[in-house]
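The values are calculated or read from the model by the stated rules, or taken from the named source; none is laboratory data. All values reported here derive from a predicted model rather than from experimental measurement. Cβ coordinates were reconstructed from backbone atoms using ideal geometry, including for glycine residues, and neighbour counts include every protein chain displayed.
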Amino acid sequence: MKAWQRNGILLAALLAFGAIRLPLEKSLGDELRKDGLVPPPLEIGTRDKIGQTSSAVALGGLRTLVATFLNLRAFSFFQEQRWEDVADTFEMIVDLAPRTRYYWETGSWHSAYNAASYYINNSSMPSLRRKEAWRAAIYRGRAFLERGIRNNPGDWSLLSTLGFMLTDANKFPAFRDPDATFITAADTYQKAVDTGNAPAFVNRAQFYALARAKGRETEALALARALYADPKNRLPTLQALLLVLEAHENPALDTAKLAVELFGTPERALEALSGHWQRTRERFPVDGVASALGALEQTLAVPPEKSIFNKPLQVPSGPDQWFSK
Amino acid sequence: MAEPTPAVEIKGLVKDFKTSFRRQMLRAVDDVSIRIMPGEVYGLIGPNGSGKSTTMKALLGLVAPTSGSCAIFGKDSLKVDSRNDVGFLPENPYFYKHLSGAETLRFYGKLCGLKGKHLDDRVSELLALVDLENARDRRLGGYSKGMLQRIGLAQAMIQEPRLVILDEPTAGVDPVGSRQIRDLILKLRERGITVFLCSHLLEQVQEVCDHVGIIFRGKMVKEGRLEDLIAIEDQTEIIIKDASPELISQITALVGNSTTASLVRTGKPRTTLERLFLRETTQGKDS
Amino acid sequence: MSSITEPIARGSHFNRILVIAGHAFTQLVRMKVFYFLAVFAVIAIASNFFDLPQHEGPESIGMNVLRSIKSWSLGTMTLFSVVLSIVATALLLPKDVEDRTLYTILAKPVPRFDYLAGKLLGVLILVFVSLAMMDVLMTVVLQIRSSMILTQQIAMAQAQGWPQDAIESLRAETAQHGPNWALQGAVFAVFLRASIMASLALLISTFSTSTLFTTIISFLIYFIGHFQADARDAYLQAGQAGEGVFARMTALVFSLALPDFQNFNVIDAVIEGQAMPLMVLVKLSLIGLYYALFFTIASWFVFAEKEF
């Protein structure tokens, strides 16, 4: 056999071999991508930013290793409060390892919590700019988390983290319409519950979000009743909100009586409802709470100077206070 | 009784190599035919680059002939089973340095399908034959040139082949080692093993071979029985010890009286330098 | 001298391949390859210290360090197995030719296929044994660390008054990041990828003239193999949008001729805590076997005709 004949046969065999395996590999690849077992190709931008060597390492099948390394770098940026660098680094990290919840959660937390608090306290900027920076940091953290959710459908924890952010008293004032925000949060928690993996507290968190959305009281009441049916869910916040929603549904309701039924004794009812009354920053509804508290104080003969109505409420704290000067 | 199958049968072997440039063909072996019958010791001699190694490689199937054919005991060299009955010691072999002498032999033995006690016995026997029992467990990295050549010879013998091919078996070996190898070849001949060796050291070939072929620039120039090739038919040599001058003159006179014979030369035979060297060094070793 | 006239049992192909494989394995071991395991041990233990201060609740305690141990360990395994597969294969064949030990082997009744398959198998056994040892080390480190973390998490969760179901969910999630079957599958996938590279290096070394050439080309193909599929998809899609025929054909030839390692990125997913279905591993194994067989047979095709 001549050399060119041999090489020709070899080349033909190589191509034929490729033609047989190509569809098999493609179908496996599609299947893996569908199940999220193979990350999408690296962004060109990420390849540029992480540098030639790291790109080569990442292309050599070691993406998570580069991500681990960048995570260390991000942490030192965080310690130096270089928020832009932190955010950029996390953009690269999630491009390398899009299936790691930790990176999405940490990246969004750095922005929406750490960077945002930094702008609240940074006195070197004028208040208007601080406010804008604060708001932008929260928006960015939210958007980052939402991207994480799109990349990891079925991850209850990311959904729950987003719900937590949207209902956080220090965060929701950043969004223009609180009611819409609470509804979004409730929907997000619902999706977390729908994954089937979420622990029970997520279900309650969904209810706490829904209870705060104006116009959704009927729905919230139905959910409250369903949750209350399970004794494990009978926590003071849920019980107090159940009372509030019942009172909203039926303004003529004897809320003091219901409170005793719910909490067992007038003392415990008074304590729990007092707590609820004072939590003003979280914007929980308070229908019927005042009348129940009044009646319970009467029943228990609480002297007027000790009445809950004479105690201070939570000190208001929010953008209006932080950025007033 | 029919003539036995030749141990080696090379018929009209031609081998061309492509040179790197201009597609010129270089003819390394040009129409060489060799037939070696079982039990013969055949020496192929010729200068470096005359085609000796290529002929041997073709016989072992390491290169494919451009035309012609090679067979070992009637089996085509291009087939694997032709190599059941042959052992080969390449020129300047390097075996695996990380193996000891015994491990080397075991490795090649296993490649030939030997195993168990039979293999162990064979390894010990061969180590004794080539006088390397003391170096049995030493790694080949620490072997001398002569020892390497001897372990190579043992390796070639591992599966008790009927034919042994040796390519320059004494190249680069000192005279003592060289003689050990020569003695080994003679031992093989005593055992009836066919030996095919090539060398450019004529003296060595002369000492061990009974058949010789001379190859030059790829062509077989002369071939035949050694004695036939080198005997000077019309001369006779007498070597006498302690001869008195009277005896010498008597013999000279006798020759002078003959009508047909004439005296060519008288004198003292000289030992070869090799023999002198060997005598001195072996004496030195014994004392 | 009776044995001389008897036909000598040649032994089976399988036995001969094993003999050559065993020899190649010994040869590499005596080149002190296993010293690398000490380096690996240092890396596996050092990766324990890449632990960052955490935010929020018990769910994030130490999870990062588990991921760090996995990604450092599997990263080192990948690096080691690929380098070893390529370099060892690229080294063994030319070394035998250069030292003329190949003559002595092929002068025995050894078919050339047996020789090639034996060398390849020897390298693969070495890679497998080393990966297995590294795997054991990683699993032990991971086991110790994840049980420590779990104890911490549960203590903290209980201190925060988490309900039992939440704690159970946390435990299940931590287990996903600890040593598990998916991780063993990922190590096996590392081995499969290394075997493809070894057989490819074998093919290249049958017609290359130097170890250096084989090594460089093999590494190049290794890297291209990881984004070959992207290039293929991009080209094919661009082709529909009016890309030139030439570009499309080039892309096609590239994707047909070069191996595709994209699917092996499933290893990354396992490091990130995903489960790897058994079927995926089976399919990967079949693909790996397909490559290894093809490359070995192709190597033999070239090697069978080779003259020395």
Condition set facing chain B (nearest Cβ under 7 Å) and assigned to a helix (DSSP H, G or I), scope the range C:90-107, selection surrounded by the most Cβ atoms within 10 Å (Cβ to Cβ): answer is C:Thr104
If we ask which residues in the range B:58-88 are without any contact (Cβ under 8 Å) to a residue 40 or more places away in the chain and more than 7 Å from chain C (Cβ to nearest Cβ), their number turns out to be 7
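Could you name every one of the helices (runs of 4 or more DSSP H) located completely within the range C:1-63 that has at least 1 residues being at pLDDT below 85 and within 12 Å of chain B (Cβ to nearest Cβ)?
C:2-5, C:13-29
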I'd like to check something: does the range B:155-162 contain any residue that is in contact with a helix residue (DSSP H, G or I) (Cβ under 7 Å, 6 or more places away or on another chain), over 19 Å from C:Leu102 (Cα atoms) and more than 11 Å from chain C (Cβ to nearest Cβ)? no
So which residues in the range A:172-200 are within 14 Å of chain C (Cβ to nearest Cβ) and in a loop (DSSP other than H, G, I, E, B), if there are any at all? A:Thr195, A:Gly196, A:Asn197, A:Ala198, A:Pro199
Looking only at residues in the range C:280-302 that are surrounded by fewer than 18 Cβ atoms within 10 Å (Cβ to Cβ) and either under 16 Å from C:Arg193 (Cβ atoms) or within 17 Å of the chain's Cα centre (by Cα) (or both), which one is nearest to the other protein chains (Cβ to nearest Cβ)? C:Tyr290
Restricting attention to the range B:103-118, and to residues there that are under 23 Å from B:Arg191 (Cα atoms) and surrounded by 18 or more Cβ atoms within 10 Å (Cβ to Cβ), which single residue is nearest to the other protein chains (Cβ to nearest Cβ)? B:Gly113
So A:Leu65 fits all but one of (1) closer than 29 Å to A:Phe323 by Cβ; (2) over 21 Å from the mean Cα position of the chain (by Cα); (3) not charged (D, E, K, R); what number is the exception? (1)
Matching entry among A:Arg63, A:Arg99, A:Arg73 (being more than 8 Å from every other protein chain (Cβ to nearest Cβ) and not hydrophobic (A, V, I, L, M, F, W, C)): A:Arg73
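So that you can scan it fast, the table gives a plain yes or no per residue for (1) part of a helix (DSSP H, G or I); (2) modelled with pLDDT of 85 or more:
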| residue | (1), (2) |
| --- | --- |
| C:Thr215 | yes, yes |
| C:Gln237 | yes, no |
| C:Val253 | yes, no |
| C:Ala275 | no, no |
